[in-house]
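To start, the structure itself, in structure tokens.
The values are calculated or read from the model by the stated rules, or taken from the named source; none is laboratory data. Given the structure is predicted, the values throughout are model-derived calculations rather than measurements. So basically every Cβ, Gly included, is an ideal-geometry build from the backbone, and we count neighbours across all protein chains shown. Surface areas here come from the heavy atoms of the whole protein model, side chains and all, with no ligands, DNA or RNA. Shrake-Rupley method; radii C 1.70, N 1.55, O 1.52, S 1.80 Å.
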There are 2 protein chains.
Amino acid sequence: MEYDLIVVGSGAAGLSAAIYAGRYKLRTFLIEGEFGGETATAGTIWNYPGFNGIDGYELMRKMKEQAQSVGVEFRDGWVKEIRKEGECFRVLIEERSFHTNTVIIATGSRRRHLNLPNEKELTGKGVHYCWTCDGPLYKDKIVAMVGGGDSSVKGINFLSAYAKKIYFIVKEKEIGAEPLNLEQMRKLGDHVEILLETEVKEIRGKEKLETLILSRPYKESRELAIDGLFIEIGFDPDQTFAKQLGLEIDSKGYTKTDSMMRTNVPGIFAAGDATNHFNNFKQDITAAALGTVAATAAYEHYKANGKACDLHKKVP
Amino acid sequence: MEYDLIVVGSGAAGLSAAIYAGRYKLRTFLIEGEFGGETATAGTIWNYPGFNGIDGYELMRKMKEQAQSVGVEFRDGWVKEIRKEGECFRVLIEERSFHTNTVIIATGSRRRHLNLPNEKELTGKGVHYCWTCDGPLYKDKIVAMVGGGDSSVKGINFLSAYAKKIYFIVKEKEIGAEPLNLEQMRKLGDHVEILLETEVKEIRGKEKLETLILSRPYKESRELAIDGLFIEIGFDPDQTFAKQLGLEIDSKGYTKTDSMMRTNVPGIFAAGDATNHFNNFKQDITAAALGTVAATAAYEHYKANGKACDLHKKVP
């Protein structure tokens with residue numbers, strides 16, 4: 001199959017890129033990865049301008065529908081490789097591959113792990129990374145949240161509807177969250193116990209999570225018995241395609257782009273959390289905007305170079 | 001009255017800045033100017049990610065409601081002057097003035113005129129700049145659209161539901177519009193007569209618009225009798241506040257900002273069409289994103305410098 005544009009990723013950036021690309025009448029194909037990216041599992045989104053509260057998954061579903069209505073094709077699955085072939089690119093997914101003139105990389109970033117022994121083994125058995133997905137499992141249980149940023153505070157506010165007790169384990173001296181979310185957490189009172197300047201040193205448990213060993217004592221013990229652990233300590237960009245294509249990255253591993261989201265490889269664009277366009281400010285609204293910019297740049301590239309691509313030599 | 005932030009302008013950029021500022025718990029005041037900016041009169045918006053078609057005014061109303069729900073105060077009226085006073089700013093509106101720590105300028109840009117004799121006199125009497133507002137007046141009449149860009153094509157598609165004949169007067173050799181909008185216009189067939197490489201030289205009429213004089217003949221006459229003329233030839237940034245505050249502007253008159261929408265004057269931020277962040281790509285979604293970035297930078301400025309401002313010396 002041949003396309004003018006393949007979008008990799010189905011978060012706010014990828015879907016918004018697809019909406020614009022469809023309107024530009026580019027033959028556009030979007031390969032989803034995990035549908036809806038980070039947003040789909042973020043719970044209620046209060047700050048996307050236009051929606052005074054919308055479930056993240058629902059917002060992503062609306063964007064997908066909007067892209068489909070202008071002819072964008074969707075497919076679930078994961079891209080294994082993006083390969084440059086002459087003036088075109090070949091995108092490999094499972095056993096198939098697709099030719100395209102341009103690619104937008106909107107793969108977001110990957111959740112950080114604590115990288116402790118047992119962490120992987122106990123994932124899903126008490127250790128979790130998605131509080132909207134797994135929080136409801138902890139009705140009347142005791143949980144801990146490892147974090148300190150805005151998402152972890154949002155997570156605690158969410159978990160407070162289920163868990164009877166929440167320990168908030170924060171490595172830093174203070175919590176860095178959006179004031180409105182912080183205020184909401186403060187109102188939970190001693191439902192939430194905040195342990196500042198504290199780290200998780202060990203995760204213990206056999207068949208399932210049993211206790212944490214902390215870097216310093218809490219109530220005279222370094223051992224904390226809990227039912228569930230939620231880890232919300234940020235993200236790192238996925239560098240797979242940057243390495244395959246020789247894209248320039250910055251010191252934090254984000255793909256470098258110019259102001260129109262062009263990478264150093266002509267025909268390859270990046271958008272959303274895979275880039276660091278607005279420094280550490282990564283939001284649905286900024287990801288969406290950067291997606292539309294990348295689609296616009298891809299459209300301009302296609303108009304200027306599309307015919308130079310091998311694919312199009314076949315077209316009479 | 002004292003505020004942490006005053007936002008000037010109520011288009012997508014200003015309203016989105018207000019939503020974020022409210023969530024940051026900044027005491028935020030928004031002075032509207034013309035409510036909803038360009039978007040409010042743009043007709044149906046199809047490309048704002050999340051809404052598969054929404055009236056522009058309705059979208060702006062939703063954003064206003066969202067900002068109000070987090071405590072932002074609104075006021076209609078026009079800002080006359082922004083004056084630096086020590087570390088603070090004074091914002092003058094009619095007979096009143098307000099003190100603030102920070103200002104976000106989101107004043108968009110001004111519609112371009114043809115600058116022909118009679119143009120001003122006949123505005124509202126056959127000459128129009130807002131097709132969504134005034135298009136419905138021309139049911140079964142003959143109108144002309146002066147333009148060539150995407151908005152003018154959208155305008156023609158809109159007007160086609162009313163006017164029985166539309167002349168599209170384009171200075172350039174070709175039309176530069178979003179392919180989907182262009183395709184829709186093409187389907188109108190001879191309902192629309194396209195006059196390329198043609199300019200309006202004179203606007204004639206006494207009590208109301210009667211004829212146009214064109215730069216070259218159409219059907220052997222340079223005189224074209226019409227009922228209504230719609231002028232959609234782009235925008236220029238409003239430089240009023242840039243001049244008052246000594247803000248750096250680029251060669252096209254847009255306020256220069258860094259990647260976080262900071263101007264050269266600490267405490268003053270700009271967002272949306274008053275800036276040229278994504279070159280000539282000016283959309284609701286990009287304006288909204290830039291608004292949220294500006295609010296974030298204003299919040300950071302306030303946290304770092306708020307107390308240095310005279311206003312806060314009064315606070316114990």
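Restricting attention to region B:262-286, the residues that are of a type outside the set (Val, Ile, Thr), open to solvent by less than 10 Å² (accessible area, probe 1.4 Å) and facing chain A (nearest Cβ under 9 Å) add up to 1. Pairing each residue of region A:1-16 that is over 16 Å from B:Tyr48 (Cβ atoms) with any residue that is of a type in the set (S, T, N, Q) and outside any helix (DSSP H, G or I), provided the two are 6+ apart or on different chains, yields C-beta distances under 6 Å for A:Tyr3/A:Thr100; A:Asp4/A:Asn101; A:Leu5/A:Thr28; A:Leu5/A:Thr102; A:Ile6/A:Thr100; A:Val8/A:Thr107; A:Gly9/A:Thr107. Looking across region A:287-298 at every residue that is over 18 Å from the mean Cα position of the chain (by Cα) and more than 7 Å from chain B (Cβ to nearest Cβ), the one that is farthest from A:Asp4 (Cα to Cα) is identified as A:Ala297. Are any residues in region B:9-29 within 13 Å of chain A (Cβ to nearest Cβ) and hydrophobic (A, V, I, L, M, F, W, C), and if so, which ones? Passing the criteria: B:Ala12, B:Ala13, B:Leu15, B:Ala17, B:Ala18, B:Ile19, B:Ala21, B:Leu26.
Yes/no per residue for (1) modelled with pLDDT of 95 or more; (2) over 19 Å from A:Arg90 (Cα atoms):
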| position | (1), (2) |
| --- | --- |
| A:Glu2 | no, no |
| A:Thr28 | yes, no |
| A:Glu32 | yes, no |
| A:Ala40 | no, yes |
| A:Trp46 | no, yes |
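Could you pull out the residue among A:Glu174, A:Glu178, A:Glu121 that is farther than 22 Å from A:Glu38 by Cβ, of a type in the set (D, E, K, R) and within 14 Å of chain B (Cβ to nearest Cβ)? Can you show your working first?
Working: A:Glu178 fails: farther than 22 Å from A:Glu38 by Cβ; A:Glu121 fails: within 14 Å of chain B (Cβ to nearest Cβ).
Only one candidate passes the filter, namely A:Glu174.
Annotation: of all residues in region A:38-50 being open to solvent by 20 Å² or more (accessible area, probe 1.4 Å) and either within 11 Å of chain B (Cβ to nearest Cβ) or in contact with a Leu (Cβ under 8 Å, 6 or more places away or on another chain) (or both), the one that is nearest to A:Cys130 (Cα to Cα) is A:Trp46.
Counting residues in region B:80-91 that are within 13 Å of chain A (Cβ to nearest Cβ) and either open to solvent by less than 20 Å² (accessible area, probe 1.4 Å) or more than 15 Å from B:Gly291 (Cβ to Cβ) (or both) gives zero.
Residues in region A:226-242: is at least one within 14 Å of another protein chain (Cβ to nearest Cβ), crowded, with 19+ Cβ neighbours inside 10 Å and not acidic (Asp, Glu)? Let's see the steps before the verdict.
Start the filter on region A:226-242 by keeping residues that are within 14 Å of another protein chain (Cβ to nearest Cβ), which leaves none.
Looking for residues that are within 14 Å of another protein chain (Cβ to nearest Cβ), crowded, with 19+ Cβ neighbours inside 10 Å and not acidic (Asp, Glu), one finds none in region A:226-242, hence no.
The condition (being under 20 Å from B:Pro117 (Cβ atoms) and open to solvent by less than 50 Å² (accessible area, probe 1.4 Å)) is satisfied by just one residue among B:Val153, B:Val192, B:Val200: B:Val200.
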